[in-house]
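J.: Pasting a structure here, questions to come.
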């Protein structure tokens, strides 16, 4: 009999209640000056504020 890859059911952890985009905007605003993305081999270090700017620019081009 195959095993389930995960278990689902009731949880004490509440849902966020927002879309990923709305939640990301809130997090980016709250932590704008903190590191969000670090890629050592490409010498990239973006804060949440910088990442949000790039995400918004990319989304505007879609």
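J.: Please work out which one of (1) surrounded by 11 or more Cβ atoms within 10 Å (Cβ to Cβ); (2) modelled with pLDDT of 95 or more; (3) part of a loop (DSSP other than H, G, I, E, B) is the condition residue 33 fails and give its number.
T.: The number of the failed condition is (1).
J.: Name the residues in the range 21-30 that are farther than 11 Å from residue 55 by Cβ and out of contact with any strand residue (DSSP E or B) (no Cβ under 9 Å at 6 or more places or on another chain), would you?
T.: 22, 23, 26, 29, 30
The values are calculated or read from the model by the stated rules, or taken from the named source; none is laboratory data. Remember, it's a predicted structure, so these values are computed and weren't measured experimentally. Backbone-built Cβ (ideal geometry, glycine too); neighbour counts: all protein chains shown.
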